[in-house]
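Single-structure report; data block below.
None of the figures in this text is laboratory data; all of them are computed from the coordinates on show. If you're wondering where the values come from, they're calculated on a predicted model, not measured in any experiment. Backbone-built Cβ (ideal geometry, glycine too); neighbour counts: all protein chains shown.
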Amino acid sequence: MKHEITFRPSGKKAEVSRGTTVLAASFRAGVHIPTRCGGKMGCLMCKIEVDEAAKAQLSPPSEQEQRKLGSLVHQGVRLACQSKIEGTVAVTIPEDKLKAAIRKQLEAARRQDRDDLW
């Protein structure tokens with residue numbers, strides 16, 4: 001059976017078979033999720049955010065994933081390499097911290113430029 005996954009904030013989608021990991025589905029959708037370990041739960045870089053609706057459409061976190069993520073699991077964070085799709089779902093890919101910092105600096109500089117004009 002096929003299920004659709006939507007990646008936020010890009011809105012890109014992929015149709016995948018039940019049991020496909022979110023990481024594998026991201027490759028199919030052309031969505032970049034950072035990883036160094038190739039999906040072996042070694043680097044913890046492939047964190048995704050899931051809401052209550054998404055939790056019901058993904059496999060439950062394994063004991064090992066829960067240990068690795070700790071309290072983050074209860075805050076809606078999962079590892080894309082371990083989360084298996086069990087139904088139509090939408091997940092959020094958090095913004096890279098370096099990109100977020102650069103974006104905030106650029107936005108502040110633009111605001112400053114506008115303020116200087118007045």
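Just a few scattered comments:
- The trypsin sites (Lys or Arg not before Pro) of region 1-94 that DSSP puts in a loop, and whose beta carbon has at most 14 other beta carbons within 10 Å, are Arg18, Arg36, Lys40.
- For the chain, taking Cα atoms only, Rg and Dmax work out to 16.8, 59 Å respectively.
- Computed from the Cβ-Cβ distance with R0 of 35 Å, the FRET efficiency linking Gln105 to Glu63 stands at 0.30.
- Computed from Cα atoms, the angle from the helix 97-117 axis to the main principal axis of the chain rounds to 30 degrees.
- Anchor Lys55: lysines whose Cα lies under 25 Å away (excluding residues fewer than 8 positions away in-chain): Lys2, Lys12, Lys13, Lys40, Lys47, Lys68, Lys84, Lys97
- Each Lys and Arg contributes +1 and each Asp and Glu -1, all at the Cβ; summed about the Cα centre of region 2-117, the dipole is approximately 320 debye.
- Taking GluC sites (Glu not before Pro) as exposed when DSSP calls them loop and at most 16 other C-beta atoms lie within 10 angstrom, the chain has its longest site-free stretch at 1-85.
- Using a 4.7 Å Cβ-Cβ cutoff, the cysteines of the chain lacking any partner cysteine are Cys46, Cys81.
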